[in-house]
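Q: Take this structure first; my questions come after.
The values are calculated or read from the model by the stated rules, or taken from the named source; none is laboratory data. Predicted model, so just to flag it, every value in this text is computed and none were measured. Neighbour counts are summed over all protein chains in view; Cβ atoms, including those assigned to glycine, are modelled from backbone coordinates with ideal geometry. Surface accessibility is based on the protein's heavy atoms, side chains included, excluding ligands, DNA and RNA. Shrake-Rupley method; radii C 1.70, N 1.55, O 1.52, S 1.80 Å.
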Amino acid sequence: MREEGVLAVLDIADWGGPIDPAEGRRATHALEEGRVLFLPALRFAVEESEKKFLSAAALAPGRKNISLDPASGACQGSHYAGEEAQQLGAMLDRFARQAEALMRAIAPGYAGALRRARTSFRPADIEDRASSVRKDDRLLHVDAFPTRPTRGERILRVFSNIAPDGAERRWEVGEPFPDFAEKFLPRVTTGWAGSAWLIERLGLTKGRRSAYDTIMLGLHDAMKRDARYQAEAPHAALSFPPGTSWIVYTDQVLHAALAGRFALEQTFHLPVAAMAEPELAPLRVLERLKGRALA
Ligand code: SIN
Ligand code: FE
């Protein structure tokens, strides 16, 4: 593994490894300290019979992603039905299993604790997707989702660019999470007592928001709404060509997706305690700054 600025680069070509244990520990440390682990030789193989899915027409009208729910097996957001929908679901499931094998190879210490969440297929041009400032992922942000509280658990994502036409996926990443958090934390509130309970009772969240979730949503929104920060904050430009993959803790790494089409993405959740260095988790960073437990 070598480090190139915010990137850690790992030259592997097989999803299942093997990866030398010392190399795996270095890669895990790089991820946990907020680098993007770039795998320039790790290609997701799209079968000949699946190439028809590499079309903007794969999306159902009004949807920005197609997603596979691991619990129900349901594949949502595509315009396909019947056998084709099953075939698309099978492609996403194959990506999910390869991403799982990859994480087992890189971070065997995560294995028992890493939970597979949704798999997504993102056919659309990023330029065409934004509907509001809060939802505009072309602006620097950390991932925090209004309906899905994590109570401090990590959001780890594996991406592959599968564009058939050479389109690079272009990102920017910002400053280290602790530096950002120190600046923005004074601007966000933890919500009034009882609000998380009420929001859960109203059916607006799956499970109850912790103070951590409320703060992370506040940080997400405050950063996107701060035009000056967006323009002036330090950021590094990254580009991921087709045939490459990358892994990133998106709850920690400030990121903006500027351009690209046809990516696959697998989300995992990991309890903070299962990290090699739990003190690097956003939960622990925010708790140190606040001086109290947040989840
Ligand atoms: C995001 O998580 O902000 C979007 C990443 C991407 O689709 O490349
Ligand atoms: Fe994001």
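Q: With respect to Ser49, is the statement that it is more than 23 Å from Asp251 (Cβ to Cβ), open to solvent by 50 Å² or more (accessible area, probe 1.4 Å), in a loop (DSSP other than H, G, I, E, B) and among the small types (Gly, Ala, Ser) true?
A: No.
Q: If I ask for residues that are basic (Lys, Arg) and open to solvent by 50 Å² or more (accessible area, probe 1.4 Å), which ones from segment 128-163 would you list?
A: Arg134, Lys135, Arg138, Arg148, Arg151
Q: When you check Arg284 against the structure, is it of a type outside the set (Ser, Thr, Tyr) and either out of contact with any helix residue (DSSP H, G or I) (no Cβ under 9 Å at 6 or more places or on another chain) or open to solvent by 70 Å² or more (accessible area, probe 1.4 Å) (or both), yes or no?
A: Here the answer is yes, as Arg284 does meet what is asked.
Q: Select from segment 56-70 the residues that are under 17 Å from Glu265 (Cα atoms) and not in a strand (DSSP E or B) and write down the one among them that is least open to solvent (accessible area, probe 1.4 Å).
A: Checking each candidate, the answer is Ala58.
Q: For segment 164-174, check the following and say yes or no: at least one residue is assigned to a loop (DSSP other than H, G, I, E, B), surrounded by fewer than 18 Cβ atoms within 10 Å (Cβ to Cβ) and either among the charged types (D, E, K, R) or touching a His at 6+ places or on another chain (Cβ under 8 Å) (or both).
A: Yes: segment 164-174 contains one or more residues that are assigned to a loop (DSSP other than H, G, I, E, B), surrounded by fewer than 18 Cβ atoms within 10 Å (Cβ to Cβ) and either among the charged types (D, E, K, R) or touching a His at 6+ places or on another chain (Cβ under 8 Å) (or both).
Q: Residues that are in contact with a Gly (Cβ under 8 Å, 6 or more places away or on another chain) and either in contact (Cβ under 8 Å) with a residue 12 or more places away in the chain or within 16 Å of ligand 1 (Cβ to nearest atom) (or both): list the strands (runs of 3 or more DSSP E) wholly contained in segment 185-286 that include at least 1 such residues.
A: The strands (runs of 3 or more DSSP E) meeting that bar are 236-240, 245-249, 255-259.
Q: Continuing with the same structure: Go through Arg35, Arg43 for me and flag whichever is surrounded by 15 or more Cβ atoms within 10 Å (Cβ to Cβ), modelled with pLDDT of 95 or more, out of contact with any Leu (no Cβ under 9 Å at 6 or more places or on another chain) and within 30 Å of Tyr110 (Cα to Cα).
A: Step by step, each of Arg35, Arg43 is checked, and only Arg43 is surrounded by 15 or more Cβ atoms within 10 Å (Cβ to Cβ), modelled with pLDDT of 95 or more, out of contact with any Leu (no Cβ under 9 Å at 6 or more places or on another chain) and within 30 Å of Tyr110 (Cα to Cα).
Q: Scanning for something on the phi > 0 side of the Ramachandran plot and not small (Gly, Ala, Ser), does segment 219-242 turn up at least one residue?
A: No.
Q: Just the residues that are touching a Ser or Thr at 6+ places or on another chain (Cβ under 9 Å) and farther than 22 Å from Val158 by Cα, please, taken from segment 33-91.
A: Ala60, Glu84, Ala85
Q: Another question, then. Could you please let me know if Arg134 is within 18 Å of Gly243 (Cα to Cα), among the charged types (D, E, K, R) and within 14 Å of ligand 2 (Cβ to nearest atom)?
A: no
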